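Shown next, in structure tokens, is the structure this report addresses.
What follows is calculated from the coordinates using simple rules that are stated; it is not laboratory data. Model, not experiment: these values are computed from the prediction. As a convention, Cβ positions derive from the backbone with ideal geometry for all residues, glycine included, and neighbour counts pool all protein chains shown.
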Amino acid sequence: MDFRLSEEHIMIKNAAREFAQTELLPGVIERDNKQEFPDELVKKMGELGFMGVMVNPKYGGSGMDTISYVLIMEELSKIDASASVMVSVNNSLVCYGLEAYGTEAQKEKYLTRLAKGECIGAFCLSEPEAGSDATSQKTTAIDKGDYYLLNGTKNWITNGGSAEIYLVIAQTDRDKGSHGINVFIVEKGMKGFDIGPKEDKLGIRGSDTHTLQFNDVRVPKENRIGANGSGFRFAMKTLSGGRIGIAAQALGIAQGAYELALKYSKERKAFGTEIANHQAIAFKLADMYTEIEAARLLVMKAANDKDSGNNYDRSSAMAKLYASEVAMKHTVEAVQIHGGNGFVKEYHVERLMRDAKITQIYEGTSEIQKIVISRSILRD
Ligand code: CAA
Ligand code: FAD
């Protein structure tokens, strides 16, 4: 077992860190306040190959492995989790879904542009009455011969307003339950497809989240991905990879908070000495460092499982469960170490704390990860 990164992985990590420091850090507080993320920054991430990290270069991707992807995700998330969630959805849900299950024509038409960051994608599974209970899809797609008629509502959709290409999961045959679900490529601007207002959120405020409405949208037959009835399996397999991305996001948020807390504790003095010299603070740092390292090992294990062709349903759920809990716990501690300064925006840790919360909720809540893990171990 070798826990060291290769030269190439170190270069990729450094490139992502450099980008995060020079391009994401300036303006991150303002973007959080205004709930915006400029197209210019998405374009730059595309130029660096961050929007299609694992996609085959023949479809415009960077052809890198999952380890590279999590290194990039960690570095971006240390500074701006709104940027990294866009990267995560585009890479591990939309690009992966198209590359693994799409036809050659679908890949040529959609994947290449997505992988280059010329446009971004969205993944639309959740509904007002189908969040954790994802098989209870109410959105319907009725087979009308050469097209499907799509009706329903999707909520909480990341990149909901900024995307051009949407992967929409819908029920095509209710009698078949989860085997009567399909996934469709829907383009922005299709007649009957409406985008609701941007949600005003606690965290990842730079990322745009919207409710989407589909009223008699005619989706061409050739826009269905995969065999008839394979949509739920598509969603579950795609989400297993997505959970590696969100685990890496949580890891980055925790690492970012730890680095800020470490620096602050060595500078701030109280009772005649740097606060790091008070054991209560030093022990917090020790717990942070240890648990963040444990989270990193789980994230790397899940990424390595995916790269090695092993099943990664369980390891991705474990990585996401643990890393997101660590992110929440230690961003709170980072605020505590900063005292009053932790409570204001200019010290960044309050934003990291707000951003950490979503990692315990999206791509399956912590409770859902425990369902996935427990079912998997009980099956063995
Ligand atoms: N691979 C292949 N097939 C799978 C699978 C997997 N990982 N997981 C389930 N299936 C199959 C099952 O085998 C079953 O098929 P059979 O009937 O043939 O056995 C079928 O799918 C239904 O599975 P379950 O019976 O396990 O379904 P369930 O109703 O008990 O739900 C669940 C399972 C794990 C709770 C699932 O509903 C789930 O993951 N919920 C969470 C949803 C989620 O993560 N949403 C995220 C939205 S995207 C997002 O959030 C993006 C973002 O924020 C940035
Ligand atoms: P519910 O399912 O109603 O859960 C409520 C509570 O009950 C949770 O604590 C949950 O863990 C618990 N619970 C539910 N069932 C069980 C059970 N069986 N056992 C134990 N506890 C249970 N979705 C997309 O499809 N695409 C996106 O791009 C996307 N982006 C998102 C971005 C943001 C900012 C947010 C907030 C959400 C996003 N989501 C997205 C939706 C997200 O995946 C769901 O919010 C999440 O899966 C939980 O669903 P829910 O909100 O309906 O909660």
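Assorted remarks:
- Distance from the Cα centroid of region 156-217 to that of region 324-344 is 34 Å (rounded to whole angstrom).
- Under the shape rule built on the C-alpha gyration tensor, where the axes satisfy a ≥ b ≥ c, region 32-86 is oblate, since a/c reaches at least 1.5 while a/b does not exceed b/c.
- Computed over the chain with a Gaussian network model linking Cα atoms closer than 10 Å, the most mobile of I368, I157, I246 is I368.
- Annotation: amide H of H348 has no partner in the under-5 Å range at sequence separation 5 or more or interchain, hydrogens built in the peptide plane.
- Using the Karplus relation 6.51 cos²θ - 1.76 cosθ + 1.60 with θ = phi - 60°, the per-residue 3J(HN,Hα) values for region 272-277 come to x, 8, 4, 5, 4, 7 Hz, with x marking Gly and Pro.
- Extending 7 Å from the Cα toward the beta-carbon at both A227 and E259 defines two label points whose distance is 4.6 nm.
- Rg ratio for region 169-253: its Cα radius of gyration over 2.2 N^0.38 Å, N being its residue count, equals 1.33.
- Rounded to the nearest 20 debye, the dipole magnitude of region 23-65 is 160 debye, with +1 charges on Lys and Arg beta carbons, -1 on Asp and Glu beta carbons, and the Cα centre as origin.
- Leading residue at positive end of dipole, region 53-206 (Cβ point charges), from S68, Y147, I181: Y147
- R0 of 22 Å, Cβ-Cβ distance Q21-E164: FRET efficiency to nearest 0.05: 0.15
- K58/K329 FRET efficiency (R0 45 Å; Cβ-Cβ; nearest 0.05): 0.60
- Too-long pairs where the Cα-Cα distance tops 29 Å, listed order kept, from K198/K284; K107/K154; K43/K345: K198/K284
- Our summary gives region 261-344 a relative contact order of 30 percent, counting only alpha carbon pairs under 8 angstrom and 6 or more residues apart.
- Looking at region 61-128, the GluC sites (Glu not before Pro) that sit in a DSSP loop and have at most 16 other Cβ atoms within 10 Å of their own Cβ are E118.
- By the beta-carbon count within 10 Å of each Cβ, the least crowded to most crowded order of T22, T135, fewest first, is T22, T135.
- Shown here are the Rg and Dmax of the Cα trace of region 131-189, at 11.9, 35 Å.
- Three-way shape call for the chain based on the alpha-carbon gyration tensor, with the a/c threshold at 1.5: prolate
- Under Karplus coefficients 6.51, -1.76 and 1.60, residue-wise ³J(HN,Hα) of region 29-42 in Hz, glycine/proline x: 5, 5, 5, 5, 4, 8, 6, 9, 8, x, 4, 4, 6, 5
- Remark: region 339-346, residue by residue, has Karplus-estimated 3J(HN,Hα) of x, x, 4, x, 8, 10, 5, 5 Hz, where x stands for each Gly or Pro and the curve is 6.51 cos²θ - 1.76 cosθ + 1.60 at θ = phi - 60°.
- Length-normalised contact order of region 239-378 in % [C-alpha pairs under 8 Å, at least 6 apart]: 35 percent
- The residue list A261, H330, I361 was ranked by how far each Cα lies along the charge dipole of region 239-378 toward its positive end, using unit charges on Cβ atoms, and I361 comes out on top.
- Given their separation in residues at 0.36 nm each and the Cα-Cα distance between them, A294 and D143 gain 49.5 nm when the chain is fully extended.
- Cβ charges +1 (Lys, Arg) and -1 (Asp, Glu), total dipole of the chain, debye: 400 debye
- Mean Cα-pair separation over length for the chain, i.e. relative contact order, pairs under 8 Å, 6 or more apart, %: 16 percent
- Ranked for footprinting exposure by Cβ neighbours inside 10 Å, fewest first, I358, I292, I72 give I292, I358, I72.
- Cα centroid separation - region 244-297 against region 345-362, whole Å: 15 Å
- When the chain is described by a simple charge dipole with +1 on each Lys and Arg Cβ and -1 on each Asp and Glu Cβ, the residue from M190, G242, A130 located farthest towards its positive end is A130.
- From least to most packed, judged by other beta carbons within 10 angstrom and beginning with the fewest, K221, K13 follow the order K221, K13.
- Fraction of antiparallel bridges per DSSP, the chain only, in percent to nearest 5: 85 percent
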